[in-house]
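The values are calculated or read from the model by the stated rules, or taken from the named source; none is laboratory data. Everything numeric in this text was worked out from a predicted model, so none of it was measured. Here the Cβ positions follow ideal geometry from the backbone for every residue, glycine too, while neighbour counts run over all protein chains shown. Areas reflect the complete protein model, heavy atoms only, side chains present, ligands, DNA and RNA absent. Shrake-Rupley method; radii C 1.70, N 1.55, O 1.52, S 1.80 Å.
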Amino acid sequence: MLKYVPIVGWAWIFAEVIFLERNWQKDKEAITKAMQNLGNFPIPIWILLFCEGTRFTKEKHKASLEYAKSKGLPQLKYHLLPRSKGFVLSAEGFKGKIQVIYDCVIGFDKDGPAPTIMNMVHGVPLQAEMHIRRIPLEDVPTTTEEECSQWLYRMYEHKDKIYGKFLETGHFDGYPVKLSRRYNSLIVTMLWSLLLVVPLVSYLIRILSCGSPYVILVVIAIMTALMLGIRLMISVSEIDHSSAYGVKEVSNNHTKKEE
């Protein structure tokens, strides 16, 4: 569903993001195929890998802690336990093709507006800090799946400590670099707005001012349906509407144990 979220989802489609189904057999084929295509890409590439696999909620965090405790794995305070299969497959497949991993942790001002798609659409200014750590891919052990998985768990323990420090102080440790405003992006957006939005608005104004009552009602109905559809698609990105992925798996494991 995330591919249909306005702005972000559409951008992911055009950027050829790999959308997974949370079914390992299908996802393994999708990741392997993507690695084959990207490995021979003629220009440098970036791959964004979200190892937690789902959004953070209190219920999912509780389920993650229960699972980690039952398996003797790290119990993370601010992250969900990472899903290691996709990472292991990627680390093995991209060695020699991708040189480094950039481990990123993002922190938003806890007293500021929430970082939601709706706030972005409304133009609400958001401020955030990002902690970036450069790790050569050659330093990641890939001899066995277990070895690579344990390395990933240790990395997330480190991420958890970094984010905990951010919550205490409001800033990440390290050498700060403040990014300047990207006016090129603003200019491109304004040009596309002039080319697409202005003619459309002009056309709608002509219809509403000169069209028959029936045509006007049809146009209003279509615009209302479009706005409601976009709002519905945006709601998919909200935490309250996230899937039960992560919680359901732990519940199923407990059910099997009771049986």
### Task
Give me the percent of the accessible area of region 22-179 that comes from carbon and sulfur atoms, probe 1.4 Å, all protein chains in place.
54 percent
### Summary
For region 209-222, in residue order, the Karplus 3J(HN,Hα) values (coefficients 6.51, -1.76, 1.60; θ = phi - 60°; whole Hz; Gly and Pro = x) are 8, 10, x, 6, x, 5, 4, 4, 5, 4, 4, 4, 5, 5
### Cα-based shape type of the chain, given that a ≥ b ≥ c are square roots of the gyration tensor eigenvalues and the cut on a/c is 1.5
prolate
### Contour minus Cα-Cα distance for ARG206 and ARG182 (0.36 nm per residue)
5.1 nm
### Message
What number comes out for accessible area per residue over the chain if the probe is 1.4 Å? Units Å², please.
### Response
73 Å²
### Message
I'd like to compare 113-121, 195-203, 159-167, 225-233: which one has the highest average count of other Cβ atoms within 10 Å, and what's the full order after that?
### Response
159-167, 113-121, 225-233, 195-203
### Assigned charges on the beta-carbon of Lys, Arg, Asp, Glu; region 42-83 dipole about Cα centre (debye)
160 debye
### Query
Mind checking the dipole of the chain: about its Cα centre, +1 per Lys or Arg Cβ, -1 per Asp or Glu Cβ, Debye to the nearest 20?
320 debye
### Message
Can you tell me the orientation of helix 145-169 relative to the chain, as the angle in degrees between its alpha-carbon axis and the longest Cα principal axis, to the nearest 10?
### Response
60 degrees
#### Entry: Peptides ranked, highest mean first, by Cβ atoms within 10 Å: ranges 174-183, 93-102, 215-224
93-102, 215-224, 174-183
## Note on the structure
Mean shadow area (nm²) of the C-alpha convex hull around region 45-146 is 8.5 nm²
#### Entry: Two-site label geometry, LYS62 and ALA34: point separation in nm, points 7 Å out along Cα→Cβ
3.2 nm
### Query
Does a label point 7 Å from the Cα of LYS165, set along Cα-to-beta-carbon, have any residues of region 127-144 with amide nitrogen under 19 Å, and which are they?
128-136
### Kirkwood Rh and Cα Rg combined as Rg/Rh, region 1-81
1.05
### Query
If you place +1 on the Cβ of every Lys and Arg, -1 on the Cβ of every Asp and Glu, and leave all else neutral, what size is the dipole of region 10-59 about its Cα centre, to the nearest 20 Debye?
60 debye
### Kirkwood-based Rg to Rh ratio, region 83-213, C-alpha trace
1.18
### Query
From a point 7 Å beyond the Cα of GLU146 in the direction of its Cβ, which residues of region 60-90 have a backbone N at a distance under 17 Å?
71-74, 84-85, 88
### Query
Residue farthest toward the positive end of the dipole of the chain, with Cβ of Lys/Arg at +1 and Asp/Glu at -1: which of GLN75, LEU232, VAL219?
VAL219
### Message
Helix-only estimate, please: 222 nm mean residue ellipticity of the chain, summing -39500 (n - 2.57) across DSSP H runs of length 4 or more and dividing by its residues, to the nearest 500.
### Response
-18000 deg cm²/dmol
